[in-house]
Each structure stands twice: as structure tokens, then as C-alpha cells.
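Input: a single structure, listed below in C-alpha cells.
Bear in mind that the values in this text are calculations on the coordinates, not laboratory data. Worth saying up front: this structure is predicted, and the values here are computed from it rather than measured. For neighbour counting, all protein chains shown are included, and Cβ atoms are generated from backbone atoms with ideal geometry for every residue, glycine included.
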Amino acid sequence: MLKIEDLHVNYGAIHAVKGVSLSIPRGGIVTLIGANGAGKSSAIRAIAGLIRGARGRILYTPPDGAEVNLAGMAPEEIVKLGVTMSPEGRRILPHLTVEENLRLGAFIRTDKEGIERDMDHVYSLFPRLRERSWQKGGTLSGGEQQMLALARAIMSRPHLVMLDEPSLGLAPLLVKEVFDIIGEINSQGKTVLLVEQNAFAALKIATYAYILEVGSIVLEGRGEDLLKDSRVKEAYLGG
Ligand SMILES: Nc1ncnc2c1ncn2[C@@H]1O[C@H](COP(=O)(O)OP(=O)(O)O)[C@@H](O)[C@H]1O
Ligand SMILES: [Mg+2]
């Protein structure tokens with residue numbers, strides 16, 4: 001569904017992503033794991049069209065169409081093709097209500113009935129958000145804001161949803177809840193690219209995983225295999 005070839009991101013003299021290639025099959029959950037500063041957000045933001053001057057090929061094949069190169073396309077065009085990102089740090093709009101935040105997620109859509117159906121659908125995935133639909137985003141707890149960011153990403157009706165560290169700063173019980181929901185979103189037919197520092201949770205859910213160190217992929221394999229890999233255990237799973 002998505003094939004990235006030799007992706008580079010530079011910020012001035014900083015070479016943050018150094019020739020990353022990876023492949024995401026339709027229906028899978030692929031995870032990109034790495035420590036702080038490894039280049040995970042830069043990679044995912046480049047796919048979403050948010051980094052001017054990123055180099056490489058980002059080949060996307062929508063379920064109903066021919067392969068296109070997303071590189072150089074505008075972010076809204078990429079969303080329209082069905083590729084959406086939920087950014088790191090729960091970037092919801094604090095002064096808008098939960099409901100308004102969710103509707104913003106559907107900004108590219110014109111199918112009013114479909115939007116109402118999907119509002120209902122995300123509220124059933126996240127009952128907590130339904131209870132708080134009139135609450136301002138900024139007054140939600142950290143975990144609830146994370147769920148809102150995820151729910152908002154789904155409102156654009158993506159084929160491929162990219163999540164940038166959805167577990168960041170969450171208590172273990174909430175991490176489990178968020179990952180359960182990611183699994184459910186995937187089982188409803190969406191392909192997932194999951195960027196995480198929480199290697200254990202990510203590898204458990206992922207069909208395939210890539211490990212990024214200072215801008216380069218150093219290891220890849222099936223999630224369950226990497227969980228058992230001694231190098232991964234040592235560096236990412238606390239020995
Ligand atoms: N806008 C930016 N300007 C300059 N350097 C940046 C910018 N964004 C990220 N970087 C640098 O690029 C590297 C990778 O950052 P990032 O992609 O955010 O990593 P990660 O998401 O894995 O923590 C880091 O060294 C970071 O300081
Ligand atoms: Mg990041």
C-alpha cells in the first residue's frame with residue numbers, strides 16, 4: 001500500500017533521515033521504533049507532506065486506484081488520497097469542543113451523511129469522548145486528548161493512518177486501552193503505521209517492524225521475532 005524508497009530529511013546541516021526504505025502492506029500494522037531523536041517524526045511528517053525538501057520516493061497505492069508518488073504533494077492532497085497522520089503531542093485544538101475537533105478531522109469530506117455515521121462510529125469506539133462531546137479539548141486529561149487525536153484522524157476516513165507516539169506520556173492502563181483501539185481500527189480494515197518509543201507495546205501489536213537509529217533503519221522483522229531478538233531486548237526492552 002505504501003512503499004518508501006530512500007527517504008532523506010535535512011534540517012540545514014542536520015541529516016535527520018538518512019535514506020530510509022520501508023514497505024507497508026495493505027491491512028497490516030507496521031511499526032517504526034526508535035529512541036528520542038532517531039528521526040521517527042521527521043519520517044512520518046515527510047510522508048504526510050509536512051516537510052518541504054524531503055527527498056525520496058513515497059509510493060502509495062490507494063485501494064481503488066493506481067500508484068502515486070506522494071513526494072512533493074500538498075498535505076491536503078495526501079489526506080484526500082486517504083493517508084492521515086495523528087501528530088505527536090496530542091495536537092488537538094484546546095479551545096474547541098471534542099465534537100468540533102472531531103468534525104475538523106472530516107474537513108476534506110463533503111458526504112454529510114457519511115460524516116454523521118462516522119461521528120457515531122468514533123463515539124462508539126471512544127465512549128469517553130461521547131460523554132465529553134461538549135467539553136473543550138484543552139480540559140481533557142492527557143489520555144483523553146490522545147484518544148481525541150486518534151479519533152480525529154479516523155474522521156478523514158483514511159485508508160492508511162499514521163500515529164506518532166500515541167502512547168507518549170500515558171499511564172500503563174491507558175497505553176493498553178489505546179493499543180486495543182489501534183488493533184480494532186486495524187481490524188476494521190485500516191492499514192496502520194505506528195511510530196513508537198514504547199517498543200514492547202508496539203512490537204506486540206505489529207505485523208512488521210523497523211528499528212530506526214540516528215536516521216537509518218538498523219533492523220527489521222516480524223513484531224514477534226523482534227520481541228525475542230537479543231539486540232532489541234538489550235537496547236529497547238530493558239534487557
Ligand atoms: N524542525 C526542525 N529543525 C531542526 N532540527 C530538527 C527539526 N525537527 C527535528 N529536528 C532534529 O532532527 C532529528 C530527528 O528528530 P525527530 O524526527 O523529531 O525524531 P524522533 O521523532 O524520533 O524523536 C533530531 O536531531 C531533531 O533535533
Ligand atoms: Mg517524534
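List of remarks:
- Kirkwood hydrodynamic radius of the chain, from the reciprocal of the average inverse Cα-Cα distance over all distinct pairs: 18.0 Å.
- Cα gyration tensor shape for segment 1-42, rounded if a/c is under 1.5, else prolate or oblate: oblate
- Lysine pair count for the chain (Cα-Cα distance under 20 Å; residues 8 or more apart in sequence or on different chains): 14.
- Most to least packed among 184-192, 230-238 [average Cβ atoms within 10 Å]: 184-192, 230-238
- Using alpha-carbon coordinates, inclination of helix 142-154 to the longest axis of the chain, degrees: 90
- Förster-model FRET efficiency, 30 Å R0, Gln188 and Glu131, C-beta, rounded to 0.05: 0.85
- DSSP beta bridges fully contained in segment 67-220 are about 35 percent antiparallel.
- Length gained when the stretch Thr110-Lys3 is fully extended (0.36 nm per residue, less Cα-Cα span): 35.6 nm
- Total charge dipole magnitude, segment 115-239, about the Cα centre, Cβ charges on Lys, Arg, Asp, Glu only, Debye to nearest 20: 240
- Separation in nanometres of the label points that stand 7 Å from Cα toward Cβ, at Asn36 and Glu77: 3.7
- With an a/c value of 1.5 or above and a/b larger than b/c for the gyration tensor axes a ≥ b ≥ c computed over the alpha-carbon atoms, segment 110-158 is described as prolate.
- In this structure, Arg91 and Phe200 have a Cβ-Cβ separation that, at R0 = 30 Å, corresponds to a calculated FRET efficiency of about 0.75.
- Extension gain, Leu237 back to Arg222 (0.36 nm per residue minus Cα-Cα distance, nm): 3.8 nm
- Remark: the Cα gyration tensor places segment 29-144 in the oblate category, a/c being 1.5 or greater and a/b not exceeding b/c.
- 222 nm mean residue ellipticity, helices alone, for the chain (DSSP H n ≥ 4; -39,500 (n - 2.57); rounded to 500): -10500 deg cm²/dmol
- When the Cα positions of Ile78, Thr191, Leu125 are compared along the charge dipole of the chain, Ile78 comes out farthest toward the positive end, with charges on each C-beta of Lys, Arg, Asp and Glu.
- The calculated FRET efficiency for the pair Asp180 and His15, based on their C-beta separation and a Förster distance of 41 Å, comes to about 0.65.
- The magnitude of the dipole of the chain, with charges of +1 and -1 set on the Cβ of Lys/Arg and Asp/Glu and taken from the Cα centre, is near 280 debye.
- Bridges between two residues of segment 136-239, per DSSP, are antiparallel at a rate of about 50%.
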